[in-house]
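The values are calculated or read from the model by the stated rules, or taken from the named source; none is laboratory data. Every value quoted in this text rests on a predicted model; they were computed, and no experiment measured them. Positions of Cβ are generated from backbone atoms using ideal geometry, with glycine treated the same way; all protein chains shown enter the neighbour counts.
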């Protein structure tokens, strides 16, 4: 009994030593090389930092690690031929766990845990490490030859699929989408073009995307694979294979063709005709809006729909191009500036009326450009019968005499008044020597051209736009039995501003008491020396100021002196004969 107790006590003293030795033994076994009972690491997990296969360019797959050796030996049953869209994607072999080994796993684990627990603290940590490794192995090992959960390609969940199953699923969907894919281009609610897969000659190669998908959860050691699989549970891996290698130039060419048919330049409103015979003498063509199709965003959208194999419609919406000049703006350049008429005396002869109209024929429709000067004599020309003018009574040197072109002064006077009221700059103007029947003192403008002696009337276009003149003889709207000489001027819009020509007699010159005797050598009034005839009575003279008066609305906003005219007092004119009686 004593020996037995002694032996037991000696054994109890040796237990710590045994535990320590056991821990050391387990640690040495964990770090040593191949040995009995050691299972070599799975080559798939040892050489998968780039995946069990990788493309090195132009879809030529290069395998690494265990699978590279197997391919070289052409000995593993999991290898699949590379053809069609599968080129570059190599199916890894499926590793099967022997049933017998599985049946003893649980028992072995229990025994190891029991032994390690019996060995104390060192055994506890070893057991904890073992359980951790087991948890990693249990999660990663079932997917050693399968796609990990959380991996999606083209919307297909590949988790749990073999590489062959995954490739077949993706390729099947690619074919289906290829057949169904099309994009309709709509314009104004109607289809004007369609782009489909056949037009682009799609050539989709999914091998690179599938290789990248396989690497999710199959890269690095078991610890990294485990962590990657946990990450996939939170953040799934999503990829698309539809990166067609087709002829996208078709899209560019089609959009260029459509753009050419849709694009339209904006057209400005334009004055196309000046017709003085019309109530409103201008023909103005309306503006038209243009449009331009910006194809770049459409091309980018089409490329995206190609890359994702998304069918649908795209509504083409060209940008509107505004014209630079609209009719509402253009018409402001062709506004009425003034319209003036002078009455034609009822005693005016037909020839005189014709002379007024003939002078207006040269003026009617005249366009005076900005900065240019209008000269009556230059525009109307010399008044001769050869140029279509007729003999008629005219006022010369205080007397009414017959001359070629009589009546033309009424045309110049009417034009003068219209030019002043249009706000144009008067350059040269002279009054008659006496009053005329068709204008007040200070409101007339005489012209003359006989031989070298000329009197002209001229004015300048001092506006920013062209000046358009309409002139003619017409019936008086208020009295159809009377004719009027009328001048109308169009040009830049004057807004609320208008001008009037006003005259004021500032001085009266008394009429001379002594008459003037004139020999009638032509026998116009009398023939013999004992005959005489008073042709004109003595008349007072006047000093007259002519003003340009500006109104804004109904308020006078300016008054400018244009001319001071002096109409000399006239003595009585008596003609006497020059012949003796027999």
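A few remarks follow.
- Selection of helices (runs of 4 or more DSSP H) fully inside segment 316-403 by the criterion of at least 3 residues being at pLDDT 95 or above and in the same structural domain as residue 484 (by TED's automatic domain parsing) returns 350-363, 376-380.
- Of residues in segment 506-516 being surrounded by 14 or more Cβ atoms within 10 Å (Cβ to Cβ) and not in a loop (DSSP other than H, G, I, E, B), the one nearest to the chain's Cα centre (by Cα): 509
- Among the residues here, residue 525 qualifies as closer than 26 Å to residue 434 by Cα and touching a strand residue (DSSP E or B) at 6+ places or on another chain (Cβ under 9 Å).
- Among strands (runs of 3 or more DSSP E) entirely within segment 539-578, having at least 1 residues that are exposed (fewer than 15 other Cβ atoms within 10 Å of the Cβ) singles out 541-552, 555-567.
- If you check 579, 570 for being more than 19 Å from residue 443 (Cα to Cα) and in contact (Cβ under 8 Å) with a residue 60 or more places away in the chain, only one passes: 570.
- Filtering segment 413-431 to residues that are in a loop (DSSP other than H, G, I, E, B) and surrounded by 20 or more Cβ atoms within 10 Å (Cβ to Cβ) leaves 422, 424, 429, 431.
- Qualifying residue in segment 217-236 (condition: surrounded by fewer than 14 Cβ atoms within 10 Å (Cβ to Cβ), in contact (Cβ under 8 Å) with a residue 40 or more places away in the chain, over 47 Å from the mean Cα position of the chain (by Cα) and over 20 Å from residue 157 (Cβ atoms)): yes
- Yes/no for residue 331 being more than 30 Å from residue 258 (Cα to Cα) and within 26 Å of the chain's Cα centre (by Cα): yes
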